[in-house]
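Trainee: I'd like to ask you about the structure that follows.
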Amino acid sequence: MTKDTHMMLPEPNLLMTNGLFFANRPMKSHKKSKKACVFFEVEILDARTKQKLSFLDKVEPNATIGEIKVMFHKNHAQWYPARQSIRLDPKGKSLRDEEILQNLPVGTTATLYFRDLGAQIGWVTVFLTEYAGPLLIYLLFYFRLPFIYGPKYAFTSSPHSVVHLAAACHSFHYIKRLLETLFVHRFSHGTMPLRNIFKNCTYYWGFAAWLAYHINHPLYTPPAYGDKQVKIAFAIFLLCQIGNFSIHVALRNLRPAGSKTRRIPFPTKNPFTWLFLVVSCPNYTYEVGSWIGFTIMTQCLPVGMFTLVGFIQMAIWANSKHRSYLKDFRDYPPLRTPIVPFIL
C-alpha cells in the first residue's frame, strides 16, 4: 500500500454502496416553528371626559378584564379593582371580570372606558349591618325602654299574646338572615358602593322602628278575628320562611365556592323548591309571603306599608333577574314569570 492509499478511502461524509459513493448529508429538521403571540395594546380613557388615563402595552390576548383592572390599579393606586367599572362604550354596561380581551369586539389596539364606582364595601358587611339593626331596634320597643313610651310603661309587658308572637317572628326572620349571610349566601359581586349602605339601613332600620312602635304600643289592639286569624297568619309566615331558606340553599348549591358560574335553577327533591317550575325568583315570592303573613298576624298598617314597598322593590329585582336569565340561556323555561306565578 502506497502512501496515497488513504486517499482512496471514503471521506467521513460519504457512503459507499456497490462501489459508488453517495453524500451523507445531515437530515433537515422538520420541527414546527411556534406561532408568534400577538399582544394587545389597551388604552383606557375616562368615560366622562375622554381623557387618557393609562396605556397598557403587551397585554396578552387571553387576559381577563379582572387582570386588566389589576394592571390599571398599578398605575392608579387610588382606584382598586372593585372600584373600577370598565366598559366598551362610555355609556355602556360594565364588562364582567371574567370576560376575555380577545373575545371582545376590539382590535389589537383596544380602547376601553373607565368609570369610578366610588368607595366600596363588602356585601357581607352590608347585610350584617342591614339585618342586625332591625333585630335590635325592634327589641328596644318590645321591652319598652323608658324613653320610648314614657316612664309609666317602662319595661312593662303587653297583655296580648300576639305581641309576643310577633316579636318572636320578627327576631327569627332577622336572625335567619344574619345566619344565611354568614353560612349560606355566595355573592357574585364582592362589594357594593359604600353610599348604598346608608340608604339601605335607612330603609330597614326606619321601617323596623315604625312598625315596632305600633305593634308594641300600650294602646295596641289585637287582630279583629282573634286567635284564629293569628294562627293562620303564623302558619303562612312559618311556611314562607322555610320556603325562602330552601330556595337560598338551592341557589347556593348551584354555584361552587369561589366561582361566578351561572346556571338555570331547577326544582330539587325539596317540595319548597318546586316553585321554580313557575317562578324565576321564588326566594322573593316566599319573602313577600312571609311579610303578608306578618301583616295579617299583627293587623298593623305600618307592616302593610313595609310589605307593599318591599314587594315593589323585589318585583323590580326579580324582573331584572328574569330578563337576565332569558338573555343568557336560550333554553330557559318559558312558563316562568319573575315573582308572581302566571301574573308578574
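The values are calculated or read from the model by the stated rules, or taken from the named source; none is laboratory data. None of these values were measured; they are calculated from a predicted model. We place every Cβ from the backbone using ideal geometry, glycine too, and count neighbours over all the protein chains shown. Surface accessibility is based on the protein's heavy atoms, side chains included, excluding ligands, DNA and RNA. Shrake-Rupley method; radii C 1.70, N 1.55, O 1.52, S 1.80 Å.
Trainee: So which pairs qualify, if the first residue must be in the range 326-344 and within 24 Å of residue 261 (Cα to Cα) and open to solvent by less than 80 Å² (accessible area, probe 1.4 Å), the second must be among the polar types (S, T, N, Q) and not in a loop (DSSP other than H, G, I, E, B), the Cβ gap must be under 8 Å, and the two must be at least 6 apart or on different chains?
Mentor: Close Cβ pairs satisfying both conditions: 338/319; 339/285; 339/319.
Trainee: Would you say residue 271 is modelled with pLDDT of 95 or more and either β-branched (Val, Ile, Thr) or open to solvent by less than 60 Å² (accessible area, probe 1.4 Å) (or both)?
Mentor: Answer is no for this residue.
Trainee: Next up: Residue 315 passes all but one of (1) in a helix (DSSP H, G or I); (2) loosely packed, with under 13 Cβ neighbours inside 10 Å; (3) under 21 Å from the mean Cα position of the chain (by Cα); which number fails?
Mentor: Result: residue 315 fails condition (2) only.
Trainee: Keeping to the range 191-223, report how many residues are under 21 Å from the mean Cα position of the chain (by Cα), open to solvent by 90 Å² or more (accessible area, probe 1.4 Å) and among the aromatic types (Phe, Trp, Tyr).
Mentor: The qualifying residues number 1.
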